[in-house]
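Here the structure comes first, spelled out in structure tokens, and everything after it is commentary.
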Amino acid sequence: MALRIVIIKMRRGLKGKINENSKPYAFICPIKDIEKGDYVVVEVTRKTFRRNRTNDFRVGRVEEIMSWDDATILKYRPNSFVVCKVDCKNFDHRCTQAYQKKHQLWYRYNRVDSTSTFEGVEMNLFDKALDSDGTLHFERIKDYDSKKTS
């Protein structure tokens, strides 16, 4: 297994694009078929609400691939790994579609009448209720019971 060091810029959310000025991070990559521009899942360490450290996963785009030698190891000092490659040809387009579907759901379930007035359910409420396959579970939202419709 040939190890490499990859430089990755993280992606934030469905709507957020990769900012070209964002900080690049170095990761250890044991996967052979990674190319520049691919999206990958990486292991990161983050702080929780109570300021503890925990391991989590994030999606990022490969910006640069370097060889595994002493000079690059000492320069970047990577300590986390690339977990897997996201096998999706048009990942940016899929993220845009998911954001549009989420906005359509929010519009559909929060519209009060034909004058397009909305009552106070915030849009990120659906983040708690959506599964990875796109199904919506209202039982996960306690504040939404009064807004259920058939």
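Asp56 satisfies every condition listed in (1) touching a residue at least 40 places away in the same chain (Cβ under 8 Å); (2) under 20 Å from the mean Cα position of the chain (by Cα) except (1).
Would you pick out the residues in segment 45-62 that are outside any loop (DSSP other than H, G, I, E, B) and either touching a His at 6+ places or on another chain (Cβ under 7 Å) or modelled with pLDDT under 85 (or both)?
First, pick out the residues of segment 45-62 that are outside any loop (DSSP other than H, G, I, E, B): 45-47, 53-62.
Within segment 45-62, Thr45, Arg46, Lys47, Arg53, Thr54, Asn55, Asp56 meet the criteria.
Could we say that Ile65 is farther than 21 Å from Arg11 by Cβ and β-branched (Val, Ile, Thr) here? So Ile65 fails the test. For Ile65, which of the numbered conditions (1) on the phi < 0 side of the Ramachandran plot; (2) outside any strand (DSSP E or B) fails to hold? Condition not satisfied by Ile65: (2). Among the residues of segment 30-45, those identified as surrounded by 11 or more Cβ atoms within 10 Å (Cβ to Cβ) and touching a Ser or Thr at 6+ places or on another chain (Cβ under 8 Å) are Val42, Glu43, Val44. In the set (1) closer than 22 Å to Met10 by Cα; (2) modelled with pLDDT under 85; (3) out of contact with any Lys or Arg (no Cβ under 7 Å at 6 or more places or on another chain); (4) not basic (Lys, Arg), the condition left unmet by Cys88 is number (3).
Considering only residues that are assigned to a strand (DSSP E or B) and of a type in the set (A, V, I, L, M), look in segment 68-97 and name the one that is farthest from Ala2 (Cα to Cα).
Let us first name the residues in segment 68-97 that are assigned to a strand (DSSP E or B), namely 81-85.
Narrowing the set further to residues that are of a type in the set (A, V, I, L, M) leaves 82-83.
On the way: Val82: 13, Val83: 15 Å.
For segment 68-97, the residue satisfying everything is Val83.
The values are calculated or read from the model by the stated rules, or taken from the named source; none is laboratory data. In this text, all values refer to a predicted model and were calculated from it rather than measured experimentally. Positions of Cβ are backbone-derived with ideal geometry, glycine not excepted, and every protein chain shown enters the neighbour counts.
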